[in-house]
Each structure stands twice: as structure tokens, then as C-alpha cells.
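Peer 1: One structure follows; several queries about it will come next.
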């Protein structure tokens, strides 16, 4: 009888471990998931808030991914909520490490093509249950400098993250400049828009922009509260952490805008050498200037907050203006 109880207990423990184990990617591109069942609503909020900064990220071959640089500081001013840890200490942004851990599972399927530059784990300090142990529970902390960073040596990839069915899901797939499956239902561009530069392929000369609109006043507040789930306090925290060049943006239901950089006119904030122009009016530029700037300082193009894409009556871009410089380059 005693042996039977021991066997039943062992089987129960094994069953618990199996149900808690995430879906490890057997091959590149497979979706992996970690559970969010039972998490406090503020932890779920923090995960969702950080996902907005990472979802649909295009990482070209040779580019570096830095979790802390992309997500930024986890504090009240950045819109994160605080949770209490096991010692009762308030920690802002608690929960975001689960995103890095879930990404890490998906990236392992790519083997040596992913060169990890910085990676920390909780080890024996791990007290959550979204992974079986702390051995692979990636730890990211902005305040202490613990980062999750890697170089993508595989191919152009797209990182997709989403919350659904009590799961944090991640899919990391090969991305190319051709039509994407979700592009087919999106309408073609029919007006001038703002957008962000998502990627540039020097070989083809194609730059890809994600279109969005800039919201202000009550329109911005209504969007944050009614569509993104912010409350009044969340909105005030978000606004308090924004600087003069940051905006509330709403993605538009257009297909990605693909532009041959040699076939449009440019107004850039930077010279080809990477030096900042004399004023916010920008510098009239051409495709060669764009290419030179991308070669010397790609971050001066890819991290720009806003581009204005002026299109003609046929929806064809003719002028693209880099409205604002990269974060921190102008201080007023």
C-alpha cells in the first residue's frame, strides 16, 4: 500500500511538471507559449504594455536585439504598474521577464545562428511557475542593467508576441520583403500618412514603413482608454513620461508601405555622416544620402520617431520627411 501511494504521488508530480512545461519550439518558426494563469492583473498589464514595444519587430540579419533598449525603463513614468514581490517590495514592471523567457524558448530552435550577447537567468531564485525551473528563466532588469541581447545571424526575422487563452505566445519566423499573408486584406495607401521605418534592404533599395496616425487631445485619451484598456491614472502616468517628440500613435489598417529609396525625394534630420542638421526643418536629400546615412549610422534612420509620407492621387509616395530626430539628439 505504501509503495502504491509513493507511485501515485510520483505520477501526480510528473503530471504537474508536464502541464507546467511550455511548448518548446521543435523547429524555427513554431509558436511557443508560457502560461499566465493566475497572474495578478497588474502583472498581465505590464506584460501587455511591454509587448506593444516588441510585437511585430523586424530584425534583419546582422542586427542586434536589446530587450532593455526596446522596452525601456520599467517605472511609473513609462506607464508600467507595480507589483509586490515575495518580500512585499513594490517592483515596477514586474512580469516582463516572462516575455524574454518565452522569446528565448523560440530562439533556441535557431541554434548557433543566434549569438547571445547577454543573458541572465533567475536560477534558484525563480519562484514563478511559467517554467519548470529557473535554469532557463531569463531575467531582465532595467534598473540593475540585466539585459537580454543577441545578434541575429540567421536571416531577416519577425518577432510576434500576443496574449491569448491564458498564455503568453511567441512566434519568430523568417521575414522577407515580399507580400505578407496579412497584407492581402489590407487596403492600399490612398492618402498621406505618418509612419515608422521598419527595415531597409540595401541590395534592393526597398525601405518598408509601418503607417500610423498621430492622436492628440480627447481623441488620444479615448483611444488609450477605450481600445488599449488604460484607465485615467494610467493615461496620466503615460503622459507624464513622454517628452516633446513622443506621441500617441494608432496603427492604420494599410499594407506596409514599400518604397524604393532612389525613386523618392527625402528630407532628413541627419547628414550622410550622421551629424545632426542645423534645424528641425531638415535637410533636402536623395537616395544616395539615405544609403550613406544607413551605412554609417543606421540607427539615425531606424529609430526616428516619425516620418511623413506624402503620396500623390495614385497613392504613390513622392516625398518622405523625417519629422523628428532620434530620441535624445535634441534637448530643449
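Peer 1: Sorted from fewest to most neighbouring beta carbons within 10 Å, what does the list 143, 78 look like?
Peer 2: Neighbour counts put them in this order, fewest first: 143, 78.
Peer 1: Please tell me the relative contact order of the range 186-322 in percent, rounded to the nearest whole number, where contacts are Cα pairs under 8 Å and at least six residues apart.
Peer 2: 32 percent
Peer 1: Give me the one-decimal nm value for the distance between modelled label points at residue 226 and residue 84, 7 Å along each residue's Cα-to-Cβ direction.
Peer 2: 3.7 nm
Peer 1: Let me ask something else about it. Rounded to the nearest 0.05, what FRET efficiency is calculated for residue 55 and residue 141 with R0 set to 25 Å and r the Cβ-Cβ distance?
Peer 2: 0.70
Each value in this text was obtained by applying a stated rule to the coordinates, not by laboratory testing. Owing to the predicted nature of the structure, the values given are computational and were not obtained by experimental measurement. Positions of Cβ are generated from backbone atoms using ideal geometry, with glycine treated the same way; all protein chains shown enter the neighbour counts.
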